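As C-alpha cells, the structure follows; a few thoughts come after it.
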Amino acid sequence: MDKITISHLVEFNRKTPKGRRTLVEKLKKPKIKPEKSESGGDYWISAVSCISRAFEAGNNIEIGEKIDELLEKIENSEAKITKNMFQRNIHILQKFEEFDFAQLKPKKFQLQKRSKKQSIVVLKKLPLYAKPNHVFLFEDNGVKKIGAIWFVAKLDGFTQDELSMITDILYRYLDINYSDSFELATNFCIAFDVTTINILSYAQLGNKRIKSPLIEIVNEINQLL
C-alpha cells in the first residue's frame, strides 16, 4: 500500500461510502511519482515554506520579501492557473506579515534533524505519513522536552475534526521517534492551518474537549482493504 497522507485522510473523511471504497482501491496501488498535495505540498509550497522559515528565524522580514517575489511572478506569468496559485499563496502570506511566531515555540530551543524513515507512523498496520516542518528540543525546569509544528494548507481550509486528526498524527510521530529520550511537550505539538490561521495543540486534545477522528477513520479504511 502507498503511504497515506493527510490529504488522503481528509479526502476519505469528506467522501460518500462509495467514494471511500474507490479511494481505498487507489491507495492499494503504490504510485510511481509522489503525489502533489494541497495540504502543504507543491501548490502551497511558496507560502508554507516561507512561513516555516519565518518561524525558525523568529521574524517576519522574509514574508514581505516573498510577497514581492510572488507579485513579480504573477506579472511574468501568462497562465491563469499559475497566476491564481501565486495569488492564493500571497493571500496566505499577507496574514502573517505581523504574526507573532513567539507564541508557537519556547524561548530557547534546538531544531532537530529528521530522516525520511521517521516520517511513517504505522497505526493499525496503516502507513500514515507525517511531515512536520520543525521538530525542536528544549529544556523546561531541567527536563528535556521535544515539540513540533506542522504548517498545513488547503484551499477551503481544514475543519476542526480534520485539524485534530493532523495533531493526533503529529503526536504519534513524536511518540514513536522521540519518547524514549525526551518528554513530549503536548502544548508545543502543534498543527497550524495557515489558510484559516487555526491552531491546535495536542494539549487541547488531551483535555478531551476536542476529539480526533483518526482511529475511527483508520478502522474504516482497514475494513475496506
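Coordinate-derived values only; no laboratory data. This one's a predicted model, so the numbers in the text were calculated from it and none came from an experiment. Counting neighbours? That spans all protein chains shown, and the Cβs are built from the backbone with ideal geometry, glycine included.
Phi angles across the range 179-192 convert, under the Karplus curve 6.51 cos²θ - 1.76 cosθ + 1.60 with θ = phi - 60°, into 3J(HN,Hα) values of 5, 5, 10, 9, 7, 7, 8, 5, 6, 10, 9, 10, 9, 10 Hz, Gly and Pro given as x. Pairwise alpha-carbon distances in the chain exceed 24 Å for 47% of all pairs. In the range 117-187, the ratio of gyration radius to Kirkwood radius, Rg to Rh, stands at 1.00 when only Cα atoms are counted.
Could you put M1, M165 in order, starting from the residue whose Cβ has the fewest other Cβ atoms within 10 Å? Fewest-to-most ranking of M1, M165: M1, M165. Based on alpha-carbon atoms, the Kirkwood radius and the radius of gyration of the range 42-101 give Rg/Rh equal to 0.99. Close amide-amide hydrogen proximity is noted between N187 and A203, each under 5 Å apart and 5 or more residues distant or on a separate chain (H modeled in the peptide plane; Pro and chain starts excluded).
Counting alpha carbon pairs within less than 8 Å and at least 6 residues apart, what relative contact order, in whole percent, applies to the range 42-101? Can you show the working numbers first?
Details: 53 pairs, mean separation 26.8, N = 60.
Here the relative contact order equals 45 percent.
Using C-alpha pairs under 8 Å with a sequence gap of at least 6, the mean separation divided by the residue count of the chain gives a relative contact order of 20 percent.
Around D68, what is the net charge, scoring Lys/Arg as +1 and Asp/Glu as -1 over all other residues with Cβ under 14 Å from its Cβ?
Values: positive: K66, K73; negative: E62, E65, E69, E72, E75, E97.
Neighbourhood net charge equals -4.
Close amide H partners of N133, meaning residues 5 or more places away or on another chain with modelled amide H under 5 Å apart, are I149, W150, F151. DSSP bridge analysis restricted to the chain gives an antiparallel fraction near 70%, rounded to the nearest 5. Comparing Cα centroids, the range 51-91 and the range 160-187 end up 30 angstrom apart.
Which entries of K18/K131; K131/K154; K18/K125; K144/K211 show an alpha-carbon separation above 20 angstrom in the structure shown? In this structure, K18/K131; K18/K125; K144/K211 exceed 20 Å between Cα atoms. Charges were assigned to the Cβ only: +1 to each Lys and Arg, -1 to each Asp and Glu. The resulting dipole of the chain about its Cα centre is roughly 1120 debye.
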